[in-house]
Amino acid sequence: MTARHALISGASIAGLSAAWWLRHTGWDVTVVERAPAFRDGGQNVDVRGVAREVLDRMGLVDAIRAVNTTETGTVLVDRDGRVTTELPSDGPDGATAELEVLRGDFARVVLDDLPDGVQFVYGETIEDVEDVEDGAASVVPDRVTVTTSAGRVLHADLLVVAEGVRSRTRDKVFADDGDVDERDLGVTMVFGTIPRIPSDDDRWRWYTAVGGRQVHLRPDPYGTTRAILAHAGVDDLVGLDRAAVLAKLRERYADAGWQTDRVLDGFADSDDVYLDELTQIRMPHWQRGRVCVIGDAAWCVTPMGGGGASLALTSGYVLAASLQAVDRGDDALTQADLDRAFGSFDSWLRPLVDQIQGIPKGIVHFAYPQTRLGLAARRVADKVLMSKLFAPVTAKLTHVADTDRPLPELTVVRS
């Protein structure tokens, strides 16, 4: 049998998980990544729910644990840095998960464990997609043909779009269907790495100020501190240079208190500052022909929903298992075969996605109070929710990407 060939666009957690599992089930894999090299860095992500089982099946639990962020818990603090509330962090799925890791470290662990037979094309993007379902005698029948920004032409049985929330390839393929619903959550987050100081500890410290503003400080394993400035509202910061972004942030966060000035000063010298205007992606269909979409490009849940990295890791496994289930072992992988595989993929994964995307109405107003009265009410609510009476219920809010359903069966093909 001629080996199946999968083309994957995007080399972060979803794309690398798909590459890992597809290769282990006998596919040849090519990964196209727009960055000129693998992208390290990034902020905290975690492995929760069913993703822990996927990671265990990959044999990578110890490798992820070895690059843990060192974070041990989560606390809410006031303007003077005093702890007002401690969030539940007991068990593997607390506010600080047992497997808490930086995005780049997570992706690096999967990258380093990829089997032979996965090829990478860095520094190129997909410019054109031609999905040929019953191609005649040209190069390869029944294939998808992709042209990259460098003019490279690639043929594959399957294209997996594992790009970010603003995926250009997704928009090219699904533009005519109107199947991409981008939902602005009305929150802007700015991320960066700043120098560690002696008062920093091993907890995620979370400060909320009036005016819908938040400041977050989190430890990392590299002797620095990961910082986030988050606020309700979209300020059209995308596309501005660093100086303009920082100027707007200094105006927005004037008199916010606590360590805001330290974060702003640190961002001025940091080389990894980036921002995100939180947007959920909802798609009724994750497949069109021989193209499928996974990860943030398909269902971005945003940091407010949580569990994005767990969904990304799990999606690679479920995709490979669904494809293996319809593979009859001959040379033909027909469109009908793919449709059945994607149907199984959708029916297994969508309940998890829907669960996480169901952010309660009013959560932005609760999390980002605008007035002193709203902030006072929020702090009272925090104490009630973390009380002995309600803590067991509150703790369940962090149990995302969890399911009682067994993972679909998958057999690893030994080379």
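The values are calculated or read from the model by the stated rules, or taken from the named source; none is laboratory data. This is a predicted model, so every value here is computed, not measured. Glycine also receives a Cβ, built like all others from the backbone with ideal geometry; neighbour counts cover every protein chain displayed. Accessible surface areas use protein heavy atoms only, side chains included; no ligands, DNA or RNA. Shrake-Rupley method; radii C 1.70, N 1.55, O 1.52, S 1.80 Å.
Consider the range 66-81 and keep the residues that are of a type in the set (A, V, I, L, M) and not in a strand (DSSP E or B). The one that is surrounded by the fewest Cβ atoms within 10 Å (Cβ to Cβ) is A66. Here the range 265-276 is the region considered, the condition is being hydrophobic (A, V, I, L, M, F, W, C) and within 24 Å of the chain's Cα centre (by Cα), and the residue that is modelled with the highest pLDDT is F267.
For the range 27-65, what are the residues that are assigned to a loop (DSSP other than H, G, I, E, B), open to solvent by less than 30 Å² (accessible area, probe 1.4 Å) and farther than 16 Å from V109 by Cβ? Result: W27, A35, Q43, R48, G49. Can you tell me which residues in the range 240-282 are among the hydroxyl-bearing types (S, T, Y) and more than 29 Å from T371 (Cβ to Cβ)? Answer for the range 240-282, where residues must be among the hydroxyl-bearing types (S, T, Y) and more than 29 Å from T371 (Cβ to Cβ): S270, Y274.
Within the range 370-390, identify whether any single residue is under 22 Å from I356 (Cβ atoms), in a helix (DSSP H, G or I) and at pLDDT 90 or above, and answer yes or no. Within the range 370-390, not a single residue is under 22 Å from I356 (Cβ atoms), in a helix (DSSP H, G or I) and at pLDDT 90 or above. Quick check on the range 146-199: of everything there that is buried (at least 18 other Cβ atoms within 10 Å of the Cβ) and among the acidic types (D, E), which residue is modelled with the highest pLDDT? Looking at residues that are buried (at least 18 other Cβ atoms within 10 Å of the Cβ) and among the acidic types (D, E), I get E163. In this structure, L237 qualifies as part of a loop (DSSP other than H, G, I, E, B), within 26 Å of D296 (Cα to Cα) and in contact with a Leu (Cβ under 6 Å, 6 or more places away or on another chain). Of R262, R288, all but one fail to be out of contact with any Ser or Thr (no Cβ under 8 Å at 6 or more places or on another chain), surrounded by fewer than 23 Cβ atoms within 10 Å (Cβ to Cβ), on the phi < 0 side of the Ramachandran plot and at pLDDT 95 or above; the exception is R262. Scanning the range 205-224 for residues that are touching a residue at least 40 places away in the same chain (Cβ under 8 Å) and assigned to a strand (DSSP E or B) turns up R205, W206, Y207, T208, A209, R213, Q214, V215, L217, R218, P219. In the range 385-396, the condition of being touching a helix residue (DSSP H, G or I) at 6+ places or on another chain (Cβ under 6 Å), crowded, with 18+ Cβ neighbours inside 10 Å and of a type in the set (G, A, S) is met by no residue. In this structure, is D337 at pLDDT below 95, farther than 25 Å from G94 by Cα, acidic (D, E) and crowded, with 17+ Cβ neighbours inside 10 Å? So D337 fits the description; yes. Taken over the range 360-369, residues that are crowded, with 16+ Cβ neighbours inside 10 Å and outside any helix (DSSP H, G or I) amount to 2. Filtering the range 94-115 to residues that are open to solvent by 10 Å² or more (accessible area, probe 1.4 Å) and either part of a helix (DSSP H, G or I) or at pLDDT below 95 (or both) leaves A95, E98, R103, D105, R108, V109, L111, D112.
The helices (runs of 4 or more DSSP H) falling completely within the range 277-349 that include 2 or more residues that are more than 20 Å from the chain's Cα centre (by Cα) map to 308-326. Return yes or no: is E251 under 20 Å from G308 (Cα atoms) and either surrounded by fewer than 22 Cβ atoms within 10 Å (Cβ to Cβ) or of a type in the set (D, E, K, R) (or both)? No, not satisfied.
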